[in-house]
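The values are calculated or read from the model by the stated rules, or taken from the named source; none is laboratory data. A quick note: this is a predicted structure, and the numbers were derived from the prediction, not measured. Here the Cβ positions follow ideal geometry from the backbone for every residue, glycine too, while neighbour counts run over all protein chains shown.
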Amino acid sequence: MWEDVEFSIFHPWESAPRRDGFSLDVDLAKQVLHDLKGYRDRLHAMQYKVAKLCGMKPPSTDPSTMAMHVAMVGDGSGKLGAFSYGGGHIDLQLSYVTELIDRIEKALSAIGQADQDQAKAMRSTNPEVGSQGKI
């Protein structure tokens with residue numbers, strides 16, 4: 001469903017050429033991740049509100065109220081209303097944001113693992129290096 005866009009997260013000192021797509025430095029990636037998680041939380045809250053709106057019962061059974069209710073909420077048996085369509089859009093945004101969060105977390109995790117591997121390799125060659133938390 002999603003078009004693949006390459007992105008990388010680089011250390012500021014990394015000199016590797018950038019690939020197609022875009023790249024973020026580690027600090028910016030962490031800030032984007034924080035912002036996206038807040039946005040995801042707001043989307044979950046909207047999803048809950050849409051579910052409540054779509055579960056409303058009509059205030060009366062007169063024809064004009066029923067027609068308006070169906071237009072806003074749907075008829076409950078397949079015909080969608082405006083709130084249902086809005087809910088679908090929220091679901092799509094939530095899927096997109098969740099996928100992006102997962103990809104950024106995976107990239108940051110890989111960087112963290114690479115840093116740990118490097119520190120371990122440095123300590124194995126010279127135990128004094130890294131004993132103070134520095135490489």
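Descriptive notes on the structure:
- Here Gln113, Gln47 are screened, and the one residue that is at pLDDT below 90 and either assigned to a helix (DSSP H, G or I) or surrounded by 11 or more Cβ atoms within 10 Å (Cβ to Cβ) (or both) is Gln113.
- Scanning region 73-95 for residues that are touching a helix residue (DSSP H, G or I) at 6+ places or on another chain (Cβ under 9 Å), without any contact (Cβ under 8 Å) to a residue 12 or more places away in the chain and aliphatic (A, V, I, L, M) turns up Leu80, Ala82.
- Residues of region 58-83 satisfying the condition of being of a type in the set (D, E, K, R), more than 31 Å from the chain's Cα centre (by Cα) and at pLDDT below 90: Asp75
- Restricting attention to region 50-72, the residues that are in a helix (DSSP H, G or I) and without any contact (Cβ under 8 Å) to a residue 40 or more places away in the chain total 14.
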